[in-house]
Structure formats: structure tokens, C-alpha cells
Amino acid sequence: MKESILQTESLELFRNDIPIYSNISFNLIQGQHLVLSGSNGSGKTSLIRTLCCLTNQSSGCIKWNKSNVDSIDNDYLNRIAYLGHKNGLMDELTLMENIEVTLGKNIDRIELTNLLENFNLFTHKDTLYSHLSNGQKRKTALIRVILSTKQLWILDEPFTNLDVDSIAFIGIIINTHLNKGGMLISASHTPENRIDCDLEINLDGMLHVV
């Protein structure tokens, strides 16, 4: 991966003249994790959707490698793997089919098997997604992110419905991703089970460097 930096400058979002978030500025470089924290309704998901270019900010800008992300020659969106509150998977497909329909059949089968086994999903790989538990669905969605080979992971409440062992395993995966030059933005409304971070934006407060 080439040297990369994600920057925001004075991002603000208003709806009906009501501020959803304001004055969001940060620099995130390779190997770093930014946590968006704050109470429910504080604007974390809205900010994440803005960073994924799914919602347009009211003012401010987002830059990838010093260039505005809306520039025609910017490859920012090709660098993102995004997981929102919804898993974005199809009920009528099996667990394995959901992974293959997104990533193709030429994925790293050894790594896939390792993920399925560590998430206790291997025996469910041919199960319809609609028949999986909420935790199994979330783990399937996380596998898609992990196998995507994207540099920047943007995860909204990634640990929802996960058991303690799965959370610990994700922590290992995230540290490996960061050590290889990856980047991570995650949202969390509770301090429990949160991965260590380099930056934190508390939507109830200010930006902290830790």
C-alpha cells in the first residue's frame, strides 16, 4: 500500500438548521485507528455516512492524499470497506454465497477458512443467511470487510451482537490490518470491548489524541 492520509477540514452537517455535527477536523494516516464515540443520536452514523460519501456535508471538505474526495481522479471510494448498522447481505443466499457474490470466487480460500473457523461459522457456510443468528450475520459481514483487501475500514458499531471470543478475534485482525499499513474508523457508543485507538472524536465533546 502507498503512503496514504485521510483529512477532514471543518466538516459540518445541518438538517433543518439543526446541527448534527460540527467542526470535525482530523488527519488519519496509515496504521492509525480513529474512534467516533458519543451517546446514541450524537451524530456518529451521520458522520460515518459523510466519510463514505453517502451523505453530503453542509460545509467543510474531505481529502484523500491531499485531494478532495469528489475530484474526478481521486480513488478514495476504491479504498474503502464500509460496514453500517445493517449488514448489507441477502436473505436468499447462503453465508458462502453472500461472501462470493461480493468478493468473487477468487478470494483467499485459506484465509477464508481460517476466518470461518475462528468465528465458528464453518459448519454454517452453506446455511441460508436468513437462518443465521444475529451474531452469525454480523460475523459474516465482517468477513467481507476483512477479505476485501481495502486499505480503509469504516465500521459502524462493529461489535453489535458479537460474543466475547469473536470480539477478541476481531481485535487481533484489526491490529494485523493496522500493522500492515491499513487504516480504521469505527463508531462506538460504549467504552466496553473497544479496540485501542490513536485518535478519538467524541461527538458529545472534542477531538482527543491519545
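The values are calculated or read from the model by the stated rules, or taken from the named source; none is laboratory data. Because the structure is a prediction, the values reported are computed rather than measured. When we count neighbours, we look across all protein chains shown, and the Cβ atoms used for this are built from the backbone with ideal geometry, even at glycine. Each accessible area value is taken on the protein alone, full model and side chains, heavy atoms only, with ligands, DNA and RNA left out. Shrake-Rupley method; radii C 1.70, N 1.55, O 1.52, S 1.80 Å.
Structure summary
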item	result
Some residue of the range 69-82 being surrounded by 14 or more Cβ atoms within 10 Å (Cβ to Cβ), over 18 Å from the mean Cα position of the chain (by Cα) and of a type in the set (S, T, N, Q)	yes
Any pair with Cβ under 9 angstrom, 6 or more apart, that starts in the range 1-25 at a residue that is at pLDDT 95 or above and ends at one that is of a type in the set (Lys, Arg) and open to solvent by 60 Å² or more (accessible area, probe 1.4 Å)	ILE5/LYS66; GLN7/LYS66
Of residues in the range 8-65 being closer than 15 Å to ALA187 by Cα and of a type in the set (S, T, N, Q), the one surrounded by the fewest Cβ atoms within 10 Å (Cβ to Cβ)	ASN40
Selection within the range 114-143 - open to solvent by 20 Å² or more (accessible area, probe 1.4 Å) and either among the basic types (Lys, Arg) or touching a helix residue (DSSP H, G or I) at 6+ places or on another chain (Cβ under 7 Å) (or both)	ASN118, PHE122, HIS124, LYS125, ASP126, THR127, GLN136, LYS137
Enumeration of residues in the range 88-114 that are hydrophobic (A, V, I, L, M, F, W, C) and in a helix (DSSP H, G or I)	LEU95, MET96, ILE99, VAL101, LEU103, ILE110, LEU112
Every residue from the range 25-43 that is more than 22 Å from GLY182 (Cα to Cα) and in contact with an Asp or Glu (Cβ under 9 Å, 6 or more places away or on another chain)	GLY38, SER39, SER42
Selection status of ILE154, more than 19 Å from LEU132 (Cβ to Cβ) and β-branched (Val, Ile, Thr)	yes
Failed condition for SER42, given (1) under 15 Å from ASN202 (Cβ atoms); (2) in a strand (DSSP E or B); (3) not aliphatic (A, V, I, L, M)	(2)
Some residue of the range 144-162 being in contact (Cβ under 8 Å) with a residue 40 or more places away in the chain, surrounded by 13 or more Cβ atoms within 10 Å (Cβ to Cβ), at positive phi and of a type in the set (Asp, Glu)	yes
